[in-house]
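The structure under discussion appears below in the form of structure tokens.
The values are calculated or read from the model by the stated rules, or taken from the named source; none is laboratory data. From a predicted model like this one, the values you see are computed outputs, not experimental measurements. When we count neighbours, we look across all protein chains shown, and the Cβ atoms used for this are built from the backbone with ideal geometry, even at glycine. Side chains included, ligands, DNA and RNA excluded: accessible areas come from the protein's heavy atoms. Shrake-Rupley method; radii C 1.70, N 1.55, O 1.52, S 1.80 Å.
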Amino acid sequence: MDVKNQIDHVKQAGAIPNGPKRVLVIGASGGYGLASRITAAFGCGAATIGVFFERPAVNNRTASPGWYKSAAFTHAAQAAGLYAANLNGDAFSAALKQATIDLIKRDLGQVDMVIYSLAAPARQLPDGSLVRSTLKPIGEPFEGSTIDLNSGELRSVSLEPASQQEVNDTIKVMGGEDWELWMAALLKANVLANGCITTNYTYLGSEVTWPIYYHGTIGKAKEDLDRAARALVEPMAKINGHAYVAVMKGLMTQAASAIPGMSIYLSLLFKAMKAKGTHEGCIEQTTRLFKNLFMDAALQKDESGRLRLDDWELSEDIQAFVKANWSKVTADNLMDISDFAGYRQAFLHMHGFDFDGVDYDAEVDPEVPMPLEFGESTGA
Ligand code: NAD
């Protein structure tokens with residue numbers, strides 16, 4: 001239902017002329033990656049290859065949400081006559097990069113766009129060791145609150161500052177190194193078309209979230225994306241291509257739901273943006289991004305060369321509302337001064353629940369097979 005709604009949105013938004021026709025999405029099964037894939041396919045008529053790390057159903061245990069969403073996308077794309085192929089496995093590994101290159105060569109020849117939208121808790125290095133990313137402040141402890149999604153109660157969160165090792169590890173997992181490795185491998189294999197564009201997603205957010213986000217470990221990893229984008233300028237120029245970091249809006253996704261304090265910020269943000277009529281979900285954001293990239297004569301960039309899709313989130317009146325109410329939120333007034341109801345619904349939607357027109361009591365088979373070029377297509 002989530003995928004269908006997103007496809008309907010893109011169709012209603014209209015075709016994107018001059019959009020890419022062959023697109024690789026790394027991190028294609030949730031949040032921004034899935035929305036990018038849907039915009040590419042249904043807005044540009046693109047053939048898409050999706051890379052993700054999802055769990056199929058095993059012995060009556062349901063699959064992960066991204067599995068069902070990718071299966072639904074694949075069926076819808078193929079029904080619309082669009083090529084859609086999937087690789088399920090660890091995008092950090094050399095094996096998955098090679099399998100993707102082999103698939104591009106076999107089926108598409110080259111790709112016109114590479115969207116890197118990975119959000120991973122850990123990365124396995126070639127020597128087999130595992131590095132973990134952490135969500136911690138740097139320099140000073142963090143004291144904040146988070147909302148319990150079930151009870152609506154506020155819980156306080158205290159986090160000690162990260163060690164230098166934790167900062168380095170978070171950069172290793174969520175920074176730009178793996179994006180650069182992907183692009184180097186794709187360039188070397190000559191599977192990027194002339195004029196190819198690659199994008200990576202970042203978040204800056206509001207002053208109230210800086211202590212835990214932009215000034216924290218994850219912010220350091222995001223700074224590293226800007227470094228990687230600059231490092232990619234030269235290699236991409238050889239094929240007349242471009243590498244962009246796009247700053248996206250704060251939204252409820254699997255990755256965002258793990259960030260301490262984000263629930264209060266997003267609940268206030270949704271309230272203000274819905275009231276103003278500027279609220280967007282992932283699909284509105286990626287469709288606006290594609291329109292900027294492929295329909296605007298002059299591409300607007302900020303002083304760091306980034307594309308800004310967070311302009312409506314950061315507008316003065318919206319941020320003034322968030323700041324004015326930030327320290328006023330309690331369990332009692334949560335439903336009035338913030339859009340906690342909308343935030344909670346976004347969480348349920350992410351897991352496939354709370355959609356009108358779905359009979360949740362109906363018997364369903366949790367095993368939904370998906371055509372895969374890499375990985376096991378069922379868990380059985
Ligand atoms: P998400 O959790 O919804 O999706 C993450 C994707 O990465 C999934 O497709 C998952 O399968 C894939 N993945 C994770 N580990 C993998 C691995 N080892 N190998 C292959 N695939 C793997 O996350 P999201 O919120 O859409 O985040 C995507 C990007 O957008 C991130 O860079 C994030 O920081 C950025 N972003 C998010 C927000 C937000 O508010 N959610 C805002 C701005 C930018």
If the Cβ limit is 6 Å and pairs must be 6+ apart or interchain, which residue in region 75-95 that is within 18 Å of Trp179 (Cβ to Cβ) pairs with which residue that is within 16 Å of the ligand (Cβ to nearest atom) and among the charged types (D, E, K, R)? Leu87/Glu373; Phe92/Arg123; Phe92/Asp178
Residue by residue through region 324-365, note down the ones that are open to solvent by less than 30 Å² (accessible area, probe 1.4 Å), hydrophobic (A, V, I, L, M, F, W, C), assigned to a loop (DSSP other than H, G, I, E, B) and within 29 Å of Lys69 (Cβ to Cβ). Phe355
Selection count, region 120-149, where residues are more than 17 Å from Ala256 (Cβ to Cβ) and either among the aliphatic types (A, V, I, L, M) or within 15 Å of the ligand (Cβ to nearest atom) (or both): 11
What is the number of the single condition among (1) surrounded by 13 or more Cβ atoms within 10 Å (Cβ to Cβ); (2) assigned to a loop (DSSP other than H, G, I, E, B); (3) over 22 Å from the mean Cα position of the chain (by Cα) that Phe321 does not meet? (2)
Among the residues of region 224-255, write down those that are more than 30 Å from His349 (Cβ to Cβ), in a helix (DSSP H, G or I) and in contact (Cβ under 8 Å) with a residue 24 or more places away in the chain. Asp224, Asp226, Arg227, Ala228, Ala229, Arg230, Ala231, Leu232, Pro235, Met236
So if I check each of Thr278, Thr286, Thr253, which one is modelled with pLDDT of 95 or more, of a type in the set (Ser, Thr, Tyr) and in contact with a helix residue (DSSP H, G or I) (Cβ under 6 Å, 6 or more places away or on another chain)? Thr286
Of the conditions (1) over 21 Å from the mean Cα position of the chain (by Cα); (2) among the basic types (Lys, Arg); (3) within 23 Å of Gly219 (Cβ to Cβ), Lys301 satisfies every one except a single condition; which number is it? (1)
Those residues that are within 13 Å of the ligand (Cβ to nearest atom), open to solvent by 10 Å² or more (accessible area, probe 1.4 Å) and within 21 Å of Lys291 (Cα to Cα), I need them from region 31-87; list them, please. Gly31, Tyr32
Lone qualifier among Gly241, Gly277 - being away from the ligand (no atom under 16 Å from the Cβ) and at positive phi: Gly277
Whether any residue in region 174-191 is at pLDDT below 95, open to solvent by less than 40 Å² (accessible area, probe 1.4 Å) and either aliphatic (A, V, I, L, M) or under 17 Å from the mean Cα position of the chain (by Cα) (or both) is what I want to check. no
Residue count, region 7-29 (criterion: within 13 Å of the ligand (Cβ to nearest atom) and at pLDDT below 95): 0
For region 205-223, enumerate the residues that are hydrophobic (A, V, I, L, M, F, W, C) and in contact (Cβ under 8 Å) with a residue 40 or more places away in the chain. Val208, Ile212, Ile218, Ala221
Consider region 296-318. How many of its residues are open to solvent by less than 40 Å² (accessible area, probe 1.4 Å) and acidic (Asp, Glu)? 3
When you scan region 268-285, how many residues do you find that are assigned to a helix (DSSP H, G or I) and within 19 Å of the chain's Cα centre (by Cα)? 6
The residue that is farthest from Phe290 (Cα to Cα), considering only those in region 202-221 that are open to solvent by 20 Å² or more (accessible area, probe 1.4 Å) and not in a loop (DSSP other than H, G, I, E, B), is Val208
Please work out if Ser151 is assigned to a loop (DSSP other than H, G, I, E, B) and of a type in the set (S, T, N, Q). yes
